[in-house]
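Scroll down for the structure; my scribbles are underneath it.
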Amino acid sequence: MINPSRSVPWYRSLRFRLVAAALAIEFVMLTLLLANSFRLLNEAVEFQAKARLESLSPLLDAALAGRVFQRDHAEVAAIIKRLTTSERAEIRYITVLDPDGEVIAAAGSYDQAALPDIDSQVADALTDLTYDTRLPLTIIDTEVGAVHFGISLASLVATQHRVTREGVIIAAVEILLSLLLLVFGGYLITRHIRALTEGTRRVAQGDYGSKILIPGHDEISVLAADFNSMAASVAHHINDLRTSEMRFAAIFNAVGEAIFVHDAATGEILDVNQRMCEMYGYTREEALRCDIGTVSANFPPYTMDDALARNKTVMAGTPQTFDWLCRAKDGRLFWAEISLRAARIGDDDRLIAVVRDISERKKSEEEKNTAIARFRTLVDSLEALVYVADMETYELLFINEYGRQVWGDVTGKICWQALQVGQNGPCSFCTNEKLLDAEGNSTGTCVTLIHNTATREWYECRDQAIQWTDGRMVRMEIAINITRRKAAEDELAAEKERLAVTLRSIGDGVITTDTDGRIVLLNTVAENMTGWQQREALGKPLSEVFTIVHEQTRVPCENPVDKVMASGRITGLANHTVLIARNGSERKIADSGAPIRDKDGGIIGVVLVFRDVTEKQRMEEELLKIKKLESVGLLAGGIAHDFNNILAAIMGNINLALHDGGLDDATRKLLSNAEKASARAKGLTLQLLTFSKGGEPVKETASIAEIIRESAEFVLHGSNVACRYFMPDDLWLVDIDKGQMSQVIQNIIINAKHAMPTGGIIQVSCENFVSGENAGSTLPGKKHFIKIIIRDSGIGIPVNLIDKIFDPYFSTKKEGSGLGLAISHSIISKHNGSISVQSQPGEGTAFTIYLPASTREKEMKSTCEILDMSGGKGRIMIMDDEEMVRDVTRAMLASLGHEVVLARHGEEAVDLFKKHGDCGEPIDIIIMDLTIPGGMGGKDAVKAIHAINPKAKVVVSSGYSNDPIMAHCRDYGFVAAIVKPFQLQDISKIINQLLKER
């Protein structure tokens, strides 16, 4: 790693080295130069010294040899003295010796004690700057003596020293100048090198964007440009390297397996990834301090030696993959699968170990082995055939104990040959082709029922493709002997079919479900009512098929299955429940649900029984209306009866008074007005009597079209409302009470007129109608009706009031009595018809009436038509519980000249009739009140009278004009009927007709 703070000491700098090198070279060169100069000087000194010696030797020999030979010692001394004192001779001393070596003469400065040693060379003389030598003195080649002298070398050495000193000074100056020159030149050179060094240092520190700017075109500037290019390239490659390293580190640490990098030779752990730290529980630093033995179980065969042995095998070229027992930091042992490979990283041999935790797999394998053993035990204990066969060769690979007991040990044989008989090839019901998809994967379990030709028994076979131990796909079959079950199922199916036939035959809808509320069965009625077929609904939730809501709130009703399951007993639906069929149609239903229990009393399902009560509820609503009318009628009948009795007395007396010829006009007018008022009161009682229970209309066959036209025109005369009629010519006749039916039409037309105060059109249509042939009809059976629709375009009836319009005394008009539509409803009901209303506020109202068509083809009159003919006088009995009625009737009959006998009740009338007959004064006509409170009325009295005289003429009289006896009086033994209150002309017509028939 580069030290960012590193700097070059001066003594190691390139500049210092360049200067030092240059100085060293300069020094060596100068040294060599000086040394050579010294050598040359020494040679020059030696040459000069020898030259002097050579020049002095002949001189001395010539000057001294003869004198020594002559023994002219003085001359010799003088000569040598002159020579030693001569500056030019530069002789330091001279000693002349005889042949024996005795000193003859000496001159100069020297050690007298001993002559200096002769110098063999000049260098030896440099120590004392005297060149000592000895020359022989000869005459004619005869040595006559010797001369020992020393030549001074001082001048030569001084010259040498001066030359040396000057050379050294010159060398020093040269070195100094060279040093200055080198320092300056080094600066010029090394300043760019320092820039290069600084740029290199920045690049080494990671600043790859730095630039070295060196001007010029020399080598260093080119080098700097190349360096900049190199730095940019290095930066690019460094970035790529870093990206690669980050990618490698991410991959290295992201893999799901632990990774070790080992030294190939020692097994030392050099690097680990993050997964290793997680798997073993170490930090990276701790892991790098571990060895193989530490992260292994460290007992045979999972020791470090065992691991190193495997390492050697890998390094020999054989990769290894093996299971290894590892040890985590906390001492926990776990199984791992290790993949060991050799790798070359740089110049080093490494081992890469990839470790996968297989603890779960090992556990699964152990469990699998245990399960296999348990499975084999279980399979062998099954009371069913279990075998495995190859899907291509049909070879049996395994058969359990049950199969071996029945078919023998047929392992290795062909399944269709060993398990069946009479087969020439694979079984026709073989499921091999169904067990695998196009990719060769299992499609799941295939269940079939087969009849085994070897055992002659039935089996339920469950086949599935599984992977065998060697990896191939095989067919495993579990065959359960269901011979007894199939027989029971066949019997159950027959019973179920009988039950289904029964369910289809009953008139109520039946649905059965399981305990989860899923459909098991629907009968035909349930199919029709829900709109779901049995095959479609099977298995679906009940709420999807049986959709029920509250009729008024439209809130879904509670699931009846849940109610039954919660209570465990029979439960019924709440009122106002509506079933919504699949097509959206709605029916009002009533139902009950009950639990289906097994033989032990446990609930195994729920059965729902329901029926369409739409028509029933409609009839009940109609019945409720009728009961309301009857309750009013019960009161009205009593009031009308009593009122009619009172009116009978009033109108009778008024009628008698009007026959008085002595009345003045004013009195007659007053009585006439009173008579008219009484007539109006009579009409009111007739309306009240319409409500009376048992009051039957006096029917006759008639055309309803005529009655409608007459009634409507009468009501609308002079108004701004008109009728438009739509009536076919072939409209059937009806059996009706014309007066009552006219009253119905008038009531409806009056309401329509009031609904259109600004005028308008009332549409009245009639048509022949057969109930069984028209869709949506709620009329019972297949019968013939006349359908009448009276439609206005008025203000309409509010939705919240439409159900109340037929209630007695209900009215939205201030002047209304509230009886018009109630009376109309009662009249239509007593004609065995129906009346309904549809209205849209702001658009109008339509009344629809159905009346049974008559079986007669011509109109005919009532069976009790009152005749108007003259007759004679007779004895007439009046039976009535009201005294005033008896009195006024007696007065009326007496005014006609008849004899009157009075009776208060039936017993008295019978007794009087018998007495008069016994005494010869028979009663000609008896007028009997139909109802006698607390006594015998006319109905029973007429029977008693006829028991005495079957030809007796009895006339029934009653304030209940609509009583069935009044409508069909002859059926009860009466010859005529007269309605109270009656007037004189009414009773006169009947009396005269009956007396005429005597």
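Structure data summary
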read-out	value
Share of carbon and sulfur in the accessible heavy-atom surface of the chain [1.4 Å probe, %]	54
Heavy-atom surface of the chain, accessible at 1.4 Å and reported per residue (Å²)	55
Ranked order, 392, 620, 26 - accessible area, probe 1.4 Å, largest first	392, 620, 26
Mean Cα-pair separation over length for segment 373-486, i.e. relative contact order, pairs under 8 Å, 6 or more apart, %	24
Estimated [θ] at 222 nm from DSSP helical runs (n ≥ 4, -39500 (n - 2.57)) normalised by residues in the chain, nearest 500	-14500 deg cm²/dmol
Segment 261-350 - Rg and Dmax from Cα coordinates, angstrom	12.6, 37
Residue 551-residue 329 pseudo-label distance in nm [points 7 Å out on the Cα-to-Cβ vector]	7.9
Positive-end residue, segment 507-611 charge dipole about Cα centroid, Cβ charges, pick of 568, 523, 601	523
Loop chymotrypsin sites (Phe, Trp or Tyr not before Pro), segment 9-85 (other Cβ atoms within 10 Å of the site Cβ: 10 or fewer; DSSP)	none
Volume per residue that the Cα convex hull of segment 507-611 spans, once the total is divided by residue count, Å³	93
Nearest-20 debye value, segment 507-611 charge dipole, Cβ charges on Lys, Arg, Asp, Glu	140
Distance between modelled label sites at residue 34 and residue 162, nm, 7 Å Cα→Cβ extension	2.0
Calculated SAXS-style log₁₀ I(q)/I(0) at q = 0.08 Å⁻¹ - the chain, Debye, Cα scatterers	-1.06
Kirkwood hydrodynamic radius of segment 875-996, from inverse mean 1/r over distinct Cα pairs, in Å	14.0
Residue order for 717, 968, 898 - accessible surface, 1.4 angstrom probe, largest first	717, 968, 898
Area of residue 29 that stays accessible when all protein chains are in place (1.4 Å probe, Å², to 10)	120
Heavy-atom accessible area ranking, 1.4 Å probe, most first, across 958, 244	244, 958
Rounded accessible area of residue 277 (nearest 10 Å², 1.4 Å probe)	20
Helix 14-70 vs. the chain, principal-axis angle (Cα, 0 to 90°, nearest 10)	10
Segment 15-165: C-alpha gyration tensor shape, a/c 1.5 cut-off, then a/b vs b/c	prolate
Most positive-pole-ward Cα, 391, 447, 474, against dipole of segment 373-486 from beta carbon charges	447
Part-to-part distance (alpha-carbon centres) for segment 321-350 and segment 935-998, which is given in Å	128
C-alpha long axis of helix 883-895 to longest principal axis of the chain, angle in °	50
Distance-filtered residues of segment 79-110 - backbone nitrogen under 19 Å, label point 7 angstrom along residue 142 Cα→Cβ	97-102
In degrees, nearest ten, helix 665-690 long axis to first principal axis of the chain (Cα)	50
Given charges at beta-carbon only (K, R positive; D, E negative), |dipole| of the chain in Debye	4280
For segment 255-357, with +1 on Lys and Arg beta carbons and -1 on Asp and Glu, the positive-most of 336, 279, 300 along the dipole	336
Label point distance in nm, residue 299-residue 665, each placed 7 Å from Cα along Cα→Cβ	15.0
Probe 1.4 Å - accessible area at residue 519, Å² to nearest ten	10
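The values are calculated or read from the model by the stated rules, or taken from the named source; none is laboratory data. Here the structure is a predicted model, which is why all the values come from computation and not from measurement. Glycine also receives a Cβ, built like all others from the backbone with ideal geometry; neighbour counts cover every protein chain displayed. Accessible surface areas use protein heavy atoms only, side chains included; no ligands, DNA or RNA. Shrake-Rupley method; radii C 1.70, N 1.55, O 1.52, S 1.80 Å.
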